[in-house]
Amino acid sequence: MKCKTQMKQRSIFAHSLSTVALFAILQCKGFGDFWDKPREKNQDETIGAIPDITPPTTPGSPVANPGGSSQINLSWSAASDNVTTPGSLVYEICQSTTPGVCNVFAVTFASAAGATTYSPTSLSALTTYYYRIRARDATGNTGTETAEISATTSATGTVNTPTFSPVAGTFSSAPNITISSATVGATICYTTTATTPVCDATPSCIGGSLLYTAPFFLPTTATIEAIACKNGETDSSVATGLFTIDMAPVAGSAISFAGVTATTLSVNWGAATDDITTPASLEYKVVKDDAAAANIDTIAEADAKSGGDLLQDWTANITTKAITGLTGSTTYFFAVLVRDAVGNKTLYAPATQTTSSPAGSNWTTQTLSASANWRSATFGNGMFVAVADGGTNATSSPDGITWTQRLLPTSATWSSVTYGNNLFVAVAKGPSTAAAVSSNGTTWTAATLPQSLNWSSVAYGNGLFVAVALGPTAVAATSPDGITWTQRAMPASATWRSIAYGNSVFVAITNGLPAATSADGITWTAQTMAGVAEFILFANGIFVTVPYGGANAQTSSDGISWALHALPSSGTWKSVAYGNGTFVAVADIGANGARSTDGINWVTQALPQTSLTSITYGNGLFVALKYASAAAITAP
C-alpha cells in the first residue's frame with residue numbers, strides 16, 4: 001500500500017490557549033484523511049493543555065576572542081524566558097570554519113545551565129572560527145540565533161587562555177572556582193578586583209595578581225580575570241568572567257494578622273530584601289494548613305501547597321493578602337515564601353491565627369431590671385427597649401447589659417414594640433385599645449387604637465406605623481405618629497400574627513398560609529405563603545419568617561413568592577433578628593436557637609437560656625428576652 005505525507009494546518013484550541021500547530025498527517029489509500037473523514041460516534045479526541053511553547057529570547061552582545069593557538073573564548077549576555085529562570089537556560093553553539101554555514105544551525109557545543117561564556121578547545125592554530133549562539137529553555141524550546149561572530153586562533157607558541165569551572169554566571173551559593181589552561185606547565189595569574197593580571201618573564205604574578213594554585217571559593221559577586229604564561233611562549237589573552245552570587249532573599253518582618261473576623265482576615269508581612277533582585281521584583285506565595293505549622297515549616301512543604309491551601313501564587317511586590325471563606329472559631333496556620341529572579345526561595349516562619357466566633361454564637365446571660373413576662377424588644381436611637389405583657393413593665397438599655405426599669409402608661413398585655421420616625425411605639429392585646437408612644441424609650445405617652453382587639457404586632461415603614469391583630473379579624477390600624485390611629489381593612493378575616501416592612505412593601509402573616517401585602521399600609525392584597533409562620537422580619541434584602549411548631553423558615557423578596565428552608569429542628573420558634581451578617585432565631589421552648597448567614601442555610605445554635613420570646617439587634621449586639629424572668633442573653 002502506498003502512503004504519502006501531507007502537511008495540514010489546523011487550529012487547535014486547548015482550554016484558554018489557542019495556537020496554530022502543524023501536523024504531519026499520514027494519508028494512506030483506503031483510509032482517507034484523518035481530519036476530513038467524518039467521525040464515528042465517540043471518536044472525538046480531547047486535546048490536553050499545551051505545555052510551554054514560548055522560546056527564550058536571543059542572547060545579547062555575543063563576543064568571540066582568541067584564547068591561544070587552540071582555543072576561542074565566547075561570551076554573551078543572558079537570554080530570558082517566560083518560564084525557565086536565567087540560571088536554568090542552556091546555550092547551544094554552532095561552530096564552523098566557513099562563514100554562513102551556521103545559518104543552518106547545528107549544535108556543536110552546549111553550555112552549562114546559566115553560563116554566559118564558553119571556550120571551545122583543541123582548535124587549529126591560525127584558523128578563523130565562526131559561531132552563532134542560541135538559548136534553550138527547560139522544555140526544549142530554542143530561541144533565535146545570534147548574528148554570526150568570529151575569531152582567529154593564535155599562532156603555535158601562544159599559551160592557551162585560561163578557562164573557568166564552573167563557567168561564569170549566576171549562583172545561589174559561593175562557587176568553588178577552578179582556573180586552568182590547556183597549555184601544560186603554564187603559570188596562571190588572576191585577580192578578583194576587575195583589574196588586569198600580569199605575568200613577568202620568570203614567569204611570576206606581579207602587580208597585585210594572585211598565583212593560582214588550587215580551587216577557591218568565591219563568597220561574593222566578583223569579576224575574575226586570568227592570564228596564563230610560560231617561558232618561551234607568548235602570554236595568553238586575558239580571560240574575564242563575571243560571577244554573580246545571588247543569595248536567597250532575606251525575609252522581612254514576621255507574619256502578622258489584621259481584620260480578623262469569623263470568616264476573613266488579612267495576612268501581612270514585611271518586604272524582603274535581596275542582594276541582586278530589587279524589592280519590587282521579589283515574588284511572594286501565601287499558603288495555609290488547617291492542621292499544624294509543622295506541615296508548612298520548610299520551603300519544600302510550603303511550596304508544594306495547592307488547591308484551597310494555596311492562597312496566593314507567586315506575585316511580585318505584595319506584603320498583604322486578604323483571606324476569605326474561613327470558618328469561625330477555627331485555628332489556621334499560615335506561611336509566606338519569597339522568591340528572587342533566579343529562583344532562590346526563603347520561608348517566613350509560619351504563624352497561627354484563630355478566627356473569631358461567628359456572629360450570634362457566643363452568648364452571655366444578662367439581668368434585666370425586673371422579672372416580668374417579657375414579650376417584645378426593639379432597638380432605635382441608640383437604645384434597646386423591651387415591653388412585657390400583664391402590667392406596665394418596660395425596660396431600656398443603651399448597651400443591652402445594664403437595664404433600667406420603665407413604666408408604660410397603661411396596665412395591659414403588651415405584645416409588640418417597634419421604632420420608626422424617631423419614636424418607639426408599643427401595642428397591646430387583651431383584647432385592648434392600648435398603645436403607647438415614646439421618643440426616648442424612657443417616658444411613655446398613652447395612645448388609643450381604633451378597636452379593642454388582640455393587637456399582636458406593629459411595624460414602621462413608608463411614613464406610617466401599621467398594627468395587625470389576632471382574631472380572626474379583618475381589621476388593621478395605621479398611624480403617622482403612634483398617637484392618632486385609623487382603622488384599615490385587611491383582605492381576609494384571619495389571625496394576623498406579625499408584620500414587617502421592606503423593599504417598599506408591608507407584609508403581614510397569619511398562623512396559617514394566608515398573608516397580605518400593601519405598598520402603603522392602607523390597601524391590602526391577599527397572598528399565600530409556602531408554610532406556616534409565627535414571626536416575620538425584613539433584613540439584608542429579604543423577608544424571613546420562622547414558625548411556631550414547625551421546622552421550616554421561609555424567605556421572600558416581595559412577600560408574594562415564598563421559599564421554604566429547613567431549620568435545624570422543629571420548634572416553637574418565636575422571633576428572628578439580623579445583625580453582623582447573621583440571622584438568629586429563638587424559641588420559647590428549649591435552649592436551642594438557629595443561625596444563618598443568608599436566611600436559607602441554618603445551623604443549630606446552643607443558647608444559655610430557654611423560653612425566649614423575642615430577639616433584636618443593635619449597637620453590635622444581639623439581645624434576646626426570657627419570658628417570665630429577669631434574664632436576657634446577649635451575643636456580638
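How big is the dipole moment of segment 264-423 about its Cα centre under a simple scheme where the beta carbon of each Lys and Arg is +1, that of each Asp and Glu is -1, and everything else is neutral? Debye, nearest 20, please.
740
Using only the Cα atoms of segment 206-264, each taken as one equal point scatterer with no solvent, compute I(q) by the Debye sum, divide by I(0), and report log10 of the ratio at q = 0.12, 0.20, 0.21, 0.30 Å⁻¹.
Log-scaled intensity ratios, in q order: -0.55, -0.97, -1.02, -1.34.
How do Trp76, Trp562 stack up against each other in accessible area, from largest to smallest, with a 1.4 angstrom probe?
The most accessible residue leads, giving Trp562, Trp76.
Quick one: Cα centre-to-centre distance for segment 84-156 and segment 516-562, in angstrom?
Each part reduced to its Cα centre gives a spacing of 80 Å.
Highest mean first, how do 353-363, 90-100 rank when packing is the count of other Cβ atoms within 10 Å averaged over residues?
Result, highest mean first: 353-363, 90-100.
Lysine pairs, Cα distance under 28 Å, 8 or more residues apart or cross-chain: how many in segment 219-357?
Lysine pairs, 8 or more places apart or on different chains, close enough: 9.
Can you compute 3J(HN,Hα) from phi for each residue in segment 600-610, using the Karplus curve 6.51 cos²θ - 1.76 cosθ + 1.60 with θ = phi - 60°, rounded to whole Hz and x for Gly and Pro?
Those phi angles translate into 10, 9, 10, 10, 5, 10, 5, 10, x, 9, 10 Hz.
Counting only C-alpha contacts under 8 Å and six or more residues apart, can you give the relative contact order of segment 295-417 as a whole percent?
About 17 percent, as a whole number.
Determine the per residue accessible area of segment 573-612 with all protein chains present and a 1.4 angstrom probe, expressed in square angstrom.
With all protein chains present, segment 573-612 gives 35 Å² per residue.
Can you list the aspartates and glutamates whose alpha carbon sits under 20 Å from that of Lys626, skipping same-chain ones fewer than 8 residues off?
Filter leaves Asp389, Asp399, Glu534, Asp588.
With just the Cα atoms defining each centre, how far is segment 602-636 from segment 425-503? Give it in Å.
24
Pop out the Kirkwood hydrodynamic radius of segment 192-334 from its pairwise C-alpha distances, inverse of mean 1/r, in Å to one decimal.
In segment 192-334 this quantity evaluates to 19.7 Å.
At a temperature of 4 °C and a viscosity of 1.567 mPa s, determine how fast the chain diffuses translationally according to Stokes-Einstein, using the Kirkwood radius over alpha-carbon pairs as Rh; express D in µm²/s, rounded to the nearest whole number.
40
When all protein chains stay in place, what accessible area (Å², nearest 10, 1.4 Å probe) is found for Asp558?
The value for Asp558 is about 60 Å².
Can you list the HN-Hα couplings for segment 432-439, worked out from phi with the Karplus curve (6.51, -1.76, 1.60; θ = phi - 60°), rounded to whole Hz and with x for Gly and Pro?
These are the phi-based 3J(HN,Hα) values: 7, 9, 6, 9, 8, 10, 8, 8 Hz.
Using the Karplus curve 6.51 cos²θ - 1.76 cosθ + 1.60 with θ = phi - 60°, work out ³J(HN,Hα) for each residue of segment 133-148 in order, rounded to whole Hz, and write x for Gly and Pro.
10, 9, 9, 10, 8, 5, 7, x, 5, 10, x, 6, 6, 5, 5, 5
For segment 344-389, build the convex hull from the C-alpha positions and give me its volume per residue in Å³.
Considering the Cα atoms of segment 344-389, their hull volume per residue is 163 Å³.
Quick check on packing: order 407-420, 191-204 by the mean number of other C-beta atoms within 10 Å, highest mean leading.
Most protected by this proxy first, the peptides run 407-420, 191-204.
About its Cα centre, how strong a charge dipole does the chain have in debye, to the nearest 20, once Lys and Arg get +1 and Asp and Glu get -1 at the Cβ?
It works out to roughly 1720 debye.
Can you list the residues, at least 5 places off or on another chain, whose amide H is less than 5 Å from the amide H of Gly430, using H built in the peptide plane?
Asn454, Trp455
Of the accessible area of segment 315-455, with the probe set at 1.4 angstrom, what percent is carbon plus sulfur?
About 45 percent, which is the carbon plus sulfur part of the accessible surface.
Positive end of the charge dipole of segment 295-376 (Lys, Arg +1 and Asp, Glu -1 on Cβ, about the Cα centre): tell me which of Ser357, Thr330, Thr315 has its Cα farthest that way.
Checking the options against the dipole of segment 295-376, the answer is Ser357.
Normalise the Cα radius of gyration of segment 275-373 by 2.2 N^0.38 Å (N = residues in it) and let me know the number.
Working it through for segment 275-373, the quotient is 1.57.
Under 8 Å for C-alpha pairs, at least 6 residues apart: give me the relative contact order for the chain, rounded to a whole percent.
Relative CO of the chain lands at 7 percent.
The values are calculated or read from the model by the stated rules, or taken from the named source; none is laboratory data. From a predicted model like this one, the values you see are computed outputs, not experimental measurements. Neighbour counts run over all protein chains shown; Cβ positions are idealised from the backbone, glycine included. These area figures cover heavy atoms from the full protein model, side chains too; ligands, DNA and RNA do not enter into them. Shrake-Rupley method; radii C 1.70, N 1.55, O 1.52, S 1.80 Å.
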